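Trainee: Once you've had a glance at the structure underneath, I'll fire off some questions.
The values are calculated or read from the model by the stated rules, or taken from the named source; none is laboratory data. Small disclaimer: the values here were computed from a predicted structure and weren't measured. Virtual Cβ from ideal backbone geometry, glycine too; neighbours counted across all protein chains shown. Ligands, DNA and RNA are stripped out before the accessible areas are found, and what is left, the full protein with its side chains, is counted by its heavy atoms. Shrake-Rupley method; radii C 1.70, N 1.55, O 1.52, S 1.80 Å.
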Amino acid sequence: MKKLISKLIHGNILDIPKDPYRSLKMPIYDTASFDFENSQALEDAFLGNRDAFLYSRSANPTIAELQNRLQLFSGSNDCLCVSSGMAAISSVVLSICNAGDNMISTKYLFGNTYSLFTKTLNSVGIETRFADLEDFTALEKMIDSKTRAIFLEILTNPQLIIFDIKRLAQLADKHKILLIVDNTILTPYIFECSKYGVDVEITSTTKFISGGATSVGGAIMTYNSDKWQNIPKLKESFDKFGKQALNKKLTKEVYRNIGCCLSPNNAYLQLLGLETITLRIDKICENTLQVAKFLDVHKKVEQIIYPSLKNSKYYDLAKELFQLKSGPLIHMEFKSKKDCYKFMDALKMVRRGTNFCDNKSMIIHPHSTIYCEFIESEKASMRINDKMLRLSVGLEDIEDILEDIEQALLKI
Ligand SMILES: *Cc1c(COP(=O)(O)O)cnc(C)c1O
């Protein structure tokens, strides 16, 4: 088995111990604890001298299979699944940064990630320096001896900016700091972190991987890196575990101690989601491009941003990095907030709510919802204004999506 879709459906067939009942699906091992045949076996398991499941906060067979499948999906060295995308981000930062250390990032971040960086992590002495990741000279000046990583989303939401990942990887290599990419919106199917010098990939499995917003979860994938040894907090783990330094720091300490484990039920749903993910992504990207083209020439819409449109500033990068599959999100602007609300409220099939990469098309007014905790100047610095909507195109028939949008546009 060489190709991606077969691997996502079957996993490592030869490596998985056969289920006693030969279940073709990985069962949900909904148990907190596991039984041992004798005291020596239990001691050996605790010492790490034999592979065994001990307690589901640390490891569980259903979750382990999801990790194996995500590792195949991404081509990463290791994968660790956690309870949410936010748990993935916070666990990684807490594994590489001590108080007094800093990271470089951008203000164009998922809202809760920005809040995590500016409030929660900042309050324990981990600083995030917000840079213009398109201005490499200014960015380089921000790096100092306490900088541990550059953190970015490969396609920002809802601004839909694509950063030049190759240049950022060169910079991270030059300064021996980690390059961490949140690849939630695209997944390894569209953007392959393994090809671009990314050290750590983070994904919210809640989105595309869950198979249609079935469950919340997150994953941390680590790649071959010669930089683990340059991160003081990973030094001890590097000396013991080499290229598995970050994964082991997480599983043997940070993830285990924080207790942000995924539930086996969610792991099961996400395993199902992975079986059909490529079909769903292909169809959603096709639908989204059609919707973007339709809106782009519509006279009631002031502005449309979608990187696969030829007039997009990021068209060339979308072509090079994503083969023009730019995901499900469209940024659309009207003349006023009032028009945004009128349009949203007139939609009959497209749902109002806060999610994306869903099978259902969804829409939200980010300024009054996702970003409501931030003051106006902060919102402006994140390019969030009250005239914009974020549309996440779903899997429905394109005729129905376009018909719904067209009739709602008549109400403005
Ligand atoms: C949704 C999302 C997150 C957070 O994931 P949760 O599973 O909701 O915690 C982080 N980053 C990006 C880019 C997201 O879209």
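Trainee: With contacts defined as alpha carbon pairs under 8 Å and 6 or more residues apart, what's the relative contact order of the stretch 278-371 in percent? Walk me through the intermediate numbers first.
Mentor: Numbers: 103 pairs, mean separation 20.7, N = 94.
Relative contact order, the stretch 278-371: 22 percent.
Trainee: Would you work out the charge dipole size for the stretch 4-266 about its Cα centre, treating the Cβ of every Lys and Arg as +1 and the Cβ of every Asp and Glu as -1, and quote it to the nearest 20 debye?
Mentor: 160
Trainee: In addition: Rounded to a whole number, what is D in µm²/s for the stretch 1-159 from Stokes-Einstein with the Kirkwood radius over alpha-carbon pairs (25 °C, 0.890 mPa s)? Walk me through the numbers before you get to the answer.
Mentor: On the way: Rh = 19.2 Å.
Diffusion coefficient, whole number: 128 µm²/s.
Trainee: From largest accessible area down, sort Y189, Y55; use a 1.4 Å probe on the protein chains.
Mentor: On the way: Y189 50, Y55 105 Å².
The ordering from most to least exposed comes out as Y55, Y189.
Trainee: At q = 0.16, 0.19, 0.22 Å⁻¹, what log₁₀ I(q)/I(0) does a Debye calculation on the Cα points of the stretch 315-402 give, no solvent, two decimals?
Mentor: -0.72, -0.95, -1.11
Trainee: Accessible area per residue for the chain in Å², computed with a 1.4 Å probe and the full protein assembly in place, what is it?
Mentor: Dividing the accessible area of the chain by its residue count gives 44 Å².
Trainee: Considering Cα pairs under 8 angstrom that are at least six residues apart, work out the relative contact order of the stretch 4-266 and quote it in whole percent.
Mentor: Relative CO of the stretch 4-266 lands at 23 percent.
Trainee: Now for a separate question. Which of the aspartates and glutamates could a cross-linker bridge to K176, judged by Cα under 14 Å and excluding same-chain residues fewer than eight apart?
Mentor: Once the sequence-local aspartates and glutamates are set aside, what remains near K176 is E140, D144, D199, D226.
Trainee: Would you list which lysines come within 22 Å of K338, measuring only between C-alpha atoms, while excluding same-chain residues fewer than 8 positions from it?
Mentor: In chain and number order, the partners are K299, K300, K348, K379, K387, K411.
Trainee: Would you mind checking the radius of gyration and Dmax of the stretch 4-266 based on alpha-carbon positions, in Å?
Mentor: According to the Cα coordinates of the stretch 4-266, Rg and Dmax are 18.7, 61 Å.
Trainee: To continue, here is another question. Let me know the volume per residue of the alpha-carbon convex hull for the stretch 57-122, in Å³.
Mentor: Here the figure is 124 Å³ per residue.
Trainee: Let me ask something additional. In the stretch 5-77, how does Rg compare with the Kirkwood Rh, expressed as the Rg/Rh ratio over alpha carbon atoms?
Mentor: Ratio of gyration radius to Kirkwood radius: 1.00.
Trainee: Summing Lys, Arg as +1 and Asp, Glu as -1, what charge do residues with Cβ under 13 Å from the Cβ of M388 carry, M388 excluded?
Mentor: Overall, the nearby charge balance is +2.
Trainee: Evaluate the Debye formula for the stretch 164-229 with equal point scatterers sitting on the alpha carbons, no solvent, and hand back log10 of I(q)/I(0) at q = 0.12, 0.13, 0.28 Å⁻¹, in q order, two decimals.
Mentor: Each listed q corresponds, in turn, to -0.33, -0.38, -1.19.
Trainee: If you roll a 1.4 Å probe over the stretch 4-266 with all protein chains in place, what percent of the accessible area is carbon or sulfur? Walk me through the numbers before you get to the answer.
Mentor: Working: 5460 of 11150 Å².
The computed percentage sits at 49.
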